[in-house]
Amino acid sequence: MFPLLEVESLRVRYDGLFGPVAAADGVSFRVEEGETYALVGESGCGKTATALAILRLVEPGRIEGGRVVFDGRDLLRIPEREMRRVRGAEIGMVFQEAAAALNPVLKVGTQVGESLRIHRGLSRRAAMDEAVRLLRLVALPDPDRHARAYPHELSGGMMQRVMLAIALSCSPRLLIADEPTTALDVTIQAQILSLLRRLKRKMGLTVLAITHDLGVVAENADRVGVMYAGRLVEEAPVADLFRDPRHPYTQGLLRSIPGASPPRAGAGGARPRLPTLAGAVPDPASVPPGCRFHPRCPRAFEPCPRIEPPAVEVGPGRRVACFLEGAATAAGEGRS
């Protein structure tokens, strides 16, 4: 049985001031039908670039290689006219900033109904009626009134619900949710995530979630891929990842979650400091040679600064790109 989505060796480049920048560099993963797969990592690691490349929306960047196979078709090879039929109708996307993604001069109902008119050929009146139904489905209060409002008249949580209604308007098979709770307070975040879970069950959705929030991953994902500096460094079922993270970067991320592993109190009962990852994410225009995490890794050894570690299988559904997992032997290297 084939996965619904398979991304293989995807490379996305942008032109920077000092040369090309690799936003995604050889990213590979697959999403099975009906599951929620999460891409997680620090800001700037390439999560959003990977998601946008699936829909071929990376301009002014470019996709330089790889495959994105959705339901048996390589989306990077089909004509643009066919790709426009895929966007919205078969793959819906909730963009990161609802306020920026919505058109400020068009009413909410018009924007929700646009895909219905394009992909289903509905009349203006029928599209508005269906837009109201969709706004009710995503639990927007008073959908009849708010369908005739402009985006600036809605709160952040309301606008995110509108974005969700737009993404689901044509009953897509895959929903890409790019940081769907960004800039929302914790109460609204919980409501949006609960709504996503209900809609996933009700509509039989497959979800690709893009997030930096490991709490969102723990509560909503089935499997997770951890990205760092444009590469996928670890992949695992979510329970396995949280119970036994293998890559030093993943281990550092999990230690930095408040309450995940409470640090010991300091001398005299002083309040303990939360563990942090040393250093910073590398400049994408000048990533370090070898393992891209090695300048920050407390366990780096001799091969790491010179050789990019390949991803190796370390268990059912688990891959790790780290020499600590035996890739050094596969590469013909010995530990120092």
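The values are calculated or read from the model by the stated rules, or taken from the named source; none is laboratory data. As the structure is a computational prediction, the values presented were derived from the model and not from experiment. Heads up, the Cβs are rebuilt from the backbone with ideal geometry, glycines too, and the neighbour counts pull from every protein chain shown. These area figures cover heavy atoms from the full protein model, side chains too; ligands, DNA and RNA do not enter into them. Shrake-Rupley method; radii C 1.70, N 1.55, O 1.52, S 1.80 Å.
Rank Ala38, Gly113, Ala23 by how far each Cα sits towards the positive end of the charge dipole of the chain (+1 on Lys, Arg Cβ; -1 on Asp, Glu Cβ) and give me just the farthest.
Result: Gly113, furthest along the dipole toward the positive end.
In nm, give the distance between the simple-model label positions of Ser43 and Asp144, each being 7 Å from the Cα along the Cα-to-Cβ direction.
The modelled label-to-label distance comes out at 4.2 nm.
Count the DSSP beta bridges whose two residues both fall in the chain, then state the antiparallel fraction as a percent rounded to the nearest 5.
So the antiparallel bridges in the chain amount to around 60 percent.
Could you tell me the calculated FRET efficiency between Thr182 and Arg136, based on Cβ-Cβ distance and R0 = 25 angstrom, to the nearest 0.05?
Details: r = 24 Å, r/R0 = 0.98.
Efficiency at R0 = 25 Å is approximately 0.55.
Give a residue-ordered list of calculated ³J(HN,Hα) values for the range 211-216 (Karplus: 6.51 cos²θ - 1.76 cosθ + 1.60, θ = phi - 60°; whole Hz; x for Gly, Pro).
7, 10, 9, 5, x, 4
Heavy atoms of the protein only, probe of 1.4 Å, neighbouring chains included. What is the accessible area of His119 in Å², nearest 10?
60
Per 0.36 nm of contour for each residue apart, how much would the distance between Lys202 and Glu82 grow if the chain were fully extended, relative to their Cα-Cα spacing?
Going from the current span to full extension adds 40.4 nm.
With charges only on Cβ, +1 for K and R and -1 for D and E, what is the dipole size of the chain about its Cα centre, in debye, rounded to 20?
On the way: 44 positive and 38 negative charges, 122 e Å.
Computed charge dipole of the chain: roughly 580 debye.
Ranking request for peptides 282-294, 8-20: highest mean number of other beta-carbon atoms within 10 Å first, then the rest in descending order.
Numbers: 282-294: 17.8, 8-20: 14.8.
Ranked by mean Cβ neighbours within 10 Å, highest first: 282-294, 8-20.
Taking 0.36 nm per residue of separation and subtracting the Cα-Cα distance, what length does fully extending Arg62 through Ala285 add?
Separation in residues times 0.36 nm, less the Cα-Cα distance, equals 78.8 nm.
Around Val86, under 14 Å between beta carbons, what's the net of Lys plus Arg minus Asp minus Glu among the other residues? Can you show the working numbers first?
On the way: positive: Arg56, Arg73, Arg77, Arg81, Arg84, Arg85, Arg87, Arg173; negative: Asp71, Asp74, Glu80, Glu82, Glu90.
Taking every Cβ under 14 Å from that of Val86, the sum is +3.
Leaving ligands, DNA and RNA out of it, report the carbon-plus-sulfur percent of the accessible area of the chain at a 1.4 Å probe.
On the way: 8480 of 16100 Å².
Using a 1.4 Å probe with all protein chains present, the chain comes out at 53 percent carbon and sulfur.
Among (1) 6, 27, 36, 23, 7, 1, 0; (2) 5, 20, 26, 22, 14, 9, 4, 0; (3) 5, 23, 31, 24, 12, 4, 1, 0, only one was calculated for this model; which label is it, if the read-out is P(r) over Cα pairs in 10 Å bins from 0, in percent?
(3)
Top to bottom by accessible area (1.4 Å), largest first, where do Ser43, Ser171, Ser194 land? Working shown, then result.
Values: Ser43 95, Ser171 65, Ser194 35 Å².
Descending order: Ser43, Ser171, Ser194.
Considering only protein heavy atoms, what is the solvent-accessible area of Leu195 at a probe of 1.4 Å, reported in Å² to the nearest 10?
The accessible area comes out at roughly 0 Å².
Taking amide hydrogens as modeled 1.01 Å from N in the peptide plane, which residues meet the under 5 Å criterion relative to Leu232, leaving out close sequence neighbours?
Ser28
Which helices of the chain meet both criteria: a Cα extent of 24 Å or more along the helical axis and a mean Kyte-Doolittle score no lower than -1.0, with helices taken as whole DSSP H segments?
Going by DSSP H runs, the hits are 186-203.
Please give the charge dipole size of the range 1-78, origin at the Cα centre, charges +1 on K and R Cβ atoms and -1 on D and E Cβ atoms. Round to the nearest 20 debye.
So the magnitude is around 240 debye.
Could you work out the relative contact order of the chain, using alpha carbon pairs under 8 angstrom and six or more residues apart, expressed as a whole percent? Walk me through the numbers before you get to the answer.
Details: 626 pairs, mean separation 63.2, N = 336.
It comes to 19 percent, rounded to a whole number.
Karplus couplings for the range 306-314 from phi (6.51 cos²θ - 1.76 cosθ + 1.60, θ = phi - 60°), rounded to Hz, Gly and Pro as x?
For the range 306-314, the Karplus-derived couplings read 10, 10, 6, x, x, 6, 10, 6, 10 Hz, x marking Gly and Pro.
Amide H of Cys297 versus every other amide H placed in the peptide plane: which residues, excluding those fewer than 5 positions away on the same chain, fall under 5 Å?
HN-HN under 5 Å from Cys297: empty list.
Hey, can you grab everything whose amide H is under 5 Å from the amide H of Ile176? Only 5+ residues off in sequence or another chain; H modelled, so Pro and N-termini drop out.
Answer set, sorted by chain and number: Gly92, Met93, Val94, Leu208.
Charges only on Cβ, +1 for Lys and Arg, -1 for Asp and Glu: so what's the dipole of the range 158-237 about the Cα centre, in debye to the nearest 20?
That gives the range 158-237 a dipole magnitude of about 460 debye.
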